[in-house]
Amino acid sequence: MNILNESRKPARPAPRLLLVKSAGRITPNMIRVTLHSADLGDIVEGCEGANCKLMLPEQDQPLEDFSRQLTDGPRPTTRTYTVRHFRKEACEMDIDFVAHGDYGPASAWAARARPGDFCGFAGPGRVKVPSFYADWYLLAADMSAIPVVAATLEAMPQDARGVAIFEIPTAADRQTIVAPTGVRQHWIVTPETGQPSPLQERLIREIDWPDGRVQTCIAGESSVINGLRQYLQVERGLPRDDTYISGYWKIGLVEDEHQNMKR
Ligand SMILES: Cc1cc2nc3c(=O)[nH]c(=O)nc-3n(C[C@H](O)[C@H](O)[C@H](O)COP(=O)(O)OP(=O)(O)OC[C@H]3O[C@@H](n4cnc5c(N)ncnc54)[C@H](O)[C@@H]3O)c2cc1C
């Protein structure tokens, strides 16, 4: 008799407890939190751009209490983020949080984070663009997707060609991203209005579309992404396998509501 239930999914590894090593603004609306733990030593290098789940303690929750909650439940407030940098030897990683106010628990936690603070971590998942085989690349990001697009640009072959569009709320939110010289970067400034911005789609529709195979790495506010997905996958007929395009948040919805809506 087969005593193994082969349909059973492998158990998910327990979340890791990470400590804040440092935290601060890298631009006016982006907070970088560096997290560390010896537990990060077994993560495979090259996970920059992969997403992860961060579990957030309540304000003033003691470490022992949160640590017990991570193991025994109930599940703490959990949000999805991107590994921006991973330094395996130092057992540390950087996560970049959009500072969008106190209403979001993750944004508020990052704004308060100080060395010695802690959070839970699960992941990382798979990188979003694991291989590069296109003649031409299209990348686009709002603030929430700068980490995934920047990590993707840094991983690309040096002779890659294409366009990368970044939409930011102030000129000072521009970052220096090491990208192949053949990928033109456009930084557009759109002050926060609380409405989906039409600018990325407008710019992308104006592109003189080159011949050859295209790969994309595009993420951001869900309504903006829906418009871009319609254009790229339906009107232009780009194959789904070549187009990473994902709604990372939605105006007016907290993450769990947004995830439920996507499902
Ligand atoms: C695969 C993936 C990777 C992601 N990587 C990153 C990352 O590296 N960095 C990052 O900052 N975000 C990232 N996000 C987006 C992040 O998960 C959401 O922005 C999340 O809602 C933030 O949680 P919160 O607790 O701050 O706000 P929530 O409690 O979820 O939302 C509170 C309110 O804030 C609004 N809100 C949420 N996000 C934003 C925003 N970016 N700008 C303005 N208003 C917002 C919501 O509409 C809601 O009204 C990623 C999402 C996905 C799916």
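The smallest convex shape that holds all Cα atoms of the range 16-122, its convex hull, gives 94 Å³ per residue.
Determine which residues of the range 217-235 fall in the zone a paramagnetic label at His186 would reach in this model, i.e. backbone nitrogen under 16 Å from the point 7 Å along Cα→Cβ. The answer is 217-219, 225, 228-229, 231-232, whose backbone nitrogens lie closer than 16 Å to the label point. Surface composition of the range 136-262: carbon plus sulfur atoms hold 49% of the accessible area, using a 1.4 angstrom probe and ignoring ligands, DNA and RNA. The C-alpha atoms of the chain define a longest principal axis, and helix 146-155 lies at about 70 degrees to it. Within the chain, the ratio Rg/Rh, alpha carbon atoms throughout and Rh by Kirkwood, equals 0.98. Subtracting the Cα-Cα distance of Arg112 and Leu253 from 0.36 nm times their residue separation leaves 48.5 nm of extension gain. Computed over protein heavy atoms with a 1.4 Å probe, the accessible surface of the range 136-262 works out to 48 Å² per residue.
Heavy-atom surface analysis with a 1.4 Å probe gives the range 16-122 a carbon and sulfur content of 50 percent of its accessible area. Solvent-free Debye calculation, one equal scatterer per alpha-carbon of the range 213-263: log10 I(q)/I(0) at 0.14, 0.20, 0.32 Å⁻¹ equals -0.37, -0.67, -1.18. Remark on the range 113-249: Rg and Dmax equal 15.4, 52 Å (Cα only). Pairs over the 28 Å Cα-Cα cut-off, from the set Lys53/Lys250; Lys21/Lys53; Lys88/Lys250; Lys88/Lys262: Lys88/Lys250; Lys88/Lys262.
If you take the alpha carbon atoms of the range 85-163 and fit the smallest convex hull around them, that volume is 123 Å³ per residue.
Subtracting the Cα-Cα distance of Arg25 and Arg12 from 0.36 nm times their residue separation leaves 1.4 nm of extension gain.
The values are calculated or read from the model by the stated rules, or taken from the named source; none is laboratory data. These numbers were taken from a predicted model, which means no experiment stands behind them. When we count neighbours, we look across all protein chains shown, and the Cβ atoms used for this are built from the backbone with ideal geometry, even at glycine. Please note that ligands, DNA and RNA were not included when accessible areas were found on the heavy atoms of the full protein model with its side chains. Shrake-Rupley method; radii C 1.70, N 1.55, O 1.52, S 1.80 Å.
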